[in-house]
Protein chains: 2
Amino acid sequence: MKTIDFYFDFSSPYGYFAAEQIENLAAKHGATVNWHPILLGVIFKANGAAPAANPVKWDYAINDFNRSARFYGLPYRHPAPFPIATQHAARAFYWAATQDMERAKNLALALYRAYFVAGQDISSQETVLEIADASGWDRTALAAALASDEIKAALKTACETAIARRVYGSPFFLIGDEGFFGADRLPHVEAWLANFDRGGF
Amino acid sequence: MKTIDFYFDFSSPYGYFAAEQIENLAAKHGATVNWHPILLGVIFKANGAAPAANPVKWDYAINDFNRSARFYGLPYRHPAPFPIATQHAARAFYWAATQDMERAKNLALALYRAYFVAGQDISSQETVLEIADASGWDRTALAAALASDEIKAALKTACETAIARRVYGSPFFLIGDEGFFGADRLPHVEAWLANFDRGGF
């Protein structure tokens, strides 16, 4: 059973690029993907490592976001504000996942596209509710779920599991114990799946 | 005239992976490559950014070095000590480059392979001299050059130029003003060359 655990933050451009590609990549190799939105802020705090605030790297990153989108053939408009808090988006996913996993993945893509293509600020709970509503989800039920202990606990558990599994950024893929960090490691993920029967490459 | 400026530190595994590939990649697109060994320590100091000392990331990196080597089909044995000071190796390149650029690139590859395959500690001037000697260079002339102001200045200038051009890691590629960081950006470099006539992609 080939399974990819896909960890991502909804504020991560490379997470968005990966989300648009991972299901097709997995399907080519008969693998399934478990999606796990997490909060990078929680991960960084646990690791004692914030991303370096270096203007040279930052300028490079902004250019690389845009160039990577063109490289992958994906639409991208670098959003402002950036980055943003993504707990509402992540919790909306975990609630949707309790009902229909495939539609929950589509909701995740809708949230990513809302932020990185349409420029909607998905840190706003209201915006998350609107996007879910437009995707055919029950807005009232989702609003209740976002305030529920159960859904808050689901996100908390996902972050704790990510930390325990040594996830340290977004996107991060795990095939068993083998970790892959970054959309630029998708070719490694694919090679690993292609060599899965002999334990990777 | 398609030119790639290739900045690297001799202690950088991803620099080694890139060095083994960049000339073939460039030749496919009629581009030439200028090699610029630099000292990452100098670059990090100028940017106020040392690499984060995070054990989770570090363990990931060691695994990724080895996996990347397998992915590229290159030999690799993670060396100890690591990282190391590389001013002698870099200066040896700049001296060799004053005499024969193609052979100087081969010396750079010999130094990389000595460190990352054979496990030789190329922070030692003696080891650098031995490797150059085995590659047919004049050991006595090189020993004199390594102590010369001219060759020390060549490395210093390379580091200063790298900082001015916003190079912040190894390997780093520049095509004109377009910067590409990391061996994992070689596909971007290649796409840029393929679209060179219309200003990149």
| Label-reachable residues, the range A:14-38, where backbone N falls under 18 Å from a point 7 Å from A:D197's Cα toward its Cβ | A:27-32
| Over the protein assembly as shown, what is the percentage of antiparallel beta bridges among all DSSP beta bridges, to the nearest 5? | 55
| query | Shielding of B:191-199 by partners, i.e. mean partner chain Cβ atoms within 10 Å per residue? | reply | 1
| field | Shielding by partners - mean other protein chain Cβ count within 10 Å, residues of A:55-67 | value | 4
| Inter-site label distance for A:T161 and B:R77 at 7 Å from Cα along Cβ, in nm | 4.1
| said: Which order do the peptides A:167-174, A:183-190, A:118-125 come out in when sorted by mean C-beta neighbours inside 10 angstrom, highest first? | reply: A:167-174, A:183-190, A:118-125
| request: Starting from the Cα-Cα distance between A:E150 and A:N66, subtract it from 0.36 nm times their residue separation and give me the gain in nm to one decimal. | output: 26.5 nm
| request: With springs only between Cα atoms under 10 Å apart, run a GNM on chain B and tell me which of B:A145, B:A19, B:A191 wobbles the most. | output: B:A191
| task | Could you run the Karplus curve 6.51 cos²θ - 1.76 cosθ + 1.60 with θ = phi - 60° over the range A:119-124 and give me ³J(HN,Hα) per residue in whole Hz, x for Gly and Pro? | result | x, 7, 7, 7, 6, 7
| request: Could you list which residues have their amide H under 5 Å from that of A:V33, counting only those 5 or more apart in sequence or on another chain, with H placed in the peptide plane? | output: A:I4
| remark: Pairs over 25 Å Cα to Cα, from A:K105/A:K152; A:K45/B:K57; A:K28/A:K105; A:K2/A:K45; A:K156/B:K57, come to A:K2/A:K45
| note | By the C-alpha gyration tensor axes a ≥ b ≥ c (rounded if a/c is under 1.5, else prolate when a/b exceeds b/c, else oblate), the shape of the protein assembly as shown is prolate
| task | Kindly identify the range B:76-148 as rounded, prolate or oblate by the Cα gyration tensor criterion: order the square roots of the eigenvalues as a ≥ b ≥ c, call it rounded if a/c is under 1.5, otherwise compare a/b with b/c, prolate if a/b is larger, else oblate. | result | prolate
| ³J(HN,Hα) across the range A:159-176 via Karplus (A = 6.51, B = -1.76, C = 1.60, θ = phi - 60°), whole Hz, x for Gly/Pro? | 5, 5, 5, 4, 4, 5, 8, 6, 5, 10, x, 9, x, 9, 10, 10, 10, x
| Going by a ≥ b ≥ c, the root eigenvalues of the Cα gyration tensor, does chain B fall in the rounded group (a/c under 1.5), the prolate group (a/b larger than b/c) or the oblate group? | rounded
| Where rotation carries A onto B, the chain A residue whose Cβ is nearest that axis, in whole Å | A:D184, 2
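Only the coordinates and a few stated rules stand behind these numbers; no lab work does. Nothing here was measured: the structure is a model prediction, and the numbers come from that model. We place every Cβ from the backbone using ideal geometry, glycine too, and count neighbours over all the protein chains shown.
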